[in-house]
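Inspection log for the structure reproduced underneath, given as structure tokens.
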Amino acid sequence: MTEGRRYLQGRARWIVAALIAWVGCSSGWLFAANDAEELPKVLIVATGGTISGIQDDPNDPTRYRSGSLSAGQIIASVPALENHATIETLQFSNMPSTQIMPADWVRLSRQLSQLLREREDLAGVVVTHGTDRLEETAFFLHLTLRTEKPVVMVGAQRPATHNSADGPANLLAAVRTAAAPQSRDRGVLIVMDERILSARELRKDFPRVGGFASGRIGLVGRDGPQYLYTPSRPHTRHTEFALPASLELPNVDLVFSYSGGLGPRYETPPAGIVVAATGMTCEETLAMQVFARAGIPVVAAFPTGEALRAQRPVEETAPARMLDLCSALAGDPRWEGPWIPPLVAQFLTPQKARILLMLALTRTTDRDELEAIFRRY
Ligand code: ASP
């Protein structure tokens, strides 16, 4: 074979190989296996809720059993997941979120932090959860998880068997958010209706599709998650809160102030009290004074979590304006003694102020330190 023919044959082989590669690439088959290997790994941790609920009667979507389908069954209804991530599942529990207790928060937080530490291959985690207590579990994880990997919570307002279920689209958007590097170190995120919400501001405003709108920091669009804001208060690995060695958290009660309210009475007083209040009656104020003087911190939280009020320093005696206003209670010996105004939750809802107080009390009972914690978080 002449030098020239050998050269031409070599060229022809290259051209054929390049053609095969081009056809293979454009039809997707040649590198399909590699693509699958390169997809980020996302772990779906299922806890229950309406997203895994099934109707008792196919014609009545309002009567259903929350927390019925398994994690595997939920993901089977969303085949598009496999285009965005390699999915693994873990069944943490399967219950309505009203049954999730503070001890479950501790267990979940511990398990997630450990998993994310040990499994370097995981890009992020999605936690499926009922919407009733979503804001509480989310805020607890936001303050205690030790990771910067995305942890995205998701639920549904319609059961999985509804003829227009919102769960599958929510789950797909949540997985895309958890798989994306731009979701790292933003604290615990919640994805509902293609909105990305921050755990600190999240609220269930309305119990129907579209009912989670507070705390939006981004959106999930055609190209995946896009962020508009970054949470500025400390979260996840930037907080000072360690989980208790046991599953037990300090017992903090949450009470509502209302017209004519007398304040709570306890057989065994709690470790702390949060009052959801726009303002308090004289009787409530006095009752709270007694608790505060007994060393039980009292925190006032505006019901919507949107008030910013100055913290007031401890005074020597009840302020004169209070004695004027509460003249019907004049002569009550409980006015005597140092006057300890409630701590102020500032921008936290009462439920979230309760969670912060539970965690804060694992570190300190000092009023000034508690006040600093409420200012910081
Ligand atoms: N009751 C349900 C739950 O919190 C409501 C829901 O998931 O939307 O588990």
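The residues on offer are Leu219, Leu228, and the sole one that is away from the ligand (no atom under 16 Å from the Cβ), closer than 29 Å to Ala372 by Cα and more than 15 Å from the chain's Cα centre (by Cα) is Leu228.
Applying a threshold of 7 Å to beta carbon distances and a minimum spacing of six or more residues, or different chains, the list of pairs starting in region 38-56 at a residue that is of a type in the set (Lys, Arg) and ending at one that is more than 9 Å from the ligand (Cβ to nearest atom) and modelled with pLDDT of 95 or more reads Lys41/Ala85; Lys41/Thr86; Lys41/Glu88; Lys41/Asp121; Lys41/Leu122; Lys41/Ala123. In region 219-248, the residues that are free of Cβ contacts under 8 Å to residues at least 60 places away in the same chain form Cβ pairs under 7 Å with partners that are assigned to a strand (DSSP E or B) and among the polar types (S, T, N, Q), at six or more places apart or across chains, as follows: Leu219/Gln226; Pro231/Ser198. The set of residues in region 201-236 being surrounded by 24 or more Cβ atoms within 10 Å (Cβ to Cβ) and closer than 18 Å to Glu306 by Cβ consists of Leu202, Phe212. Counting only residues that are part of a loop (DSSP other than H, G, I, E, B), in contact with a His (Cβ under 9 Å, 6 or more places away or on another chain) and within 16 Å of the ligand (Cβ to nearest atom), region 112-156 holds 2 of them. Of all residues in region 241-298, exactly one satisfies the criterion of being at positive phi and in contact with an Asp or Glu (Cβ under 7 Å, 6 or more places away or on another chain), namely Gly263.
Restricting region 81-102 to residues that are polar (S, T, N, Q) and within 16 Å of the ligand (Cβ to nearest atom), which is nearest to Pro40 (Cα to Cα)? Only one residue tops the list, namely Gln91. For Pro269, the test of being surrounded by 13 or more Cβ atoms within 10 Å (Cβ to Cβ), touching a residue at least 60 places away in the same chain (Cβ under 8 Å) and part of a loop (DSSP other than H, G, I, E, B) is failed.
The values are calculated or read from the model by the stated rules, or taken from the named source; none is laboratory data. Note that this is a predicted model, so its numbers are computed, not measured. Cβ atoms come from the backbone with ideal geometry, glycine included; neighbour counts cover every protein chain shown.
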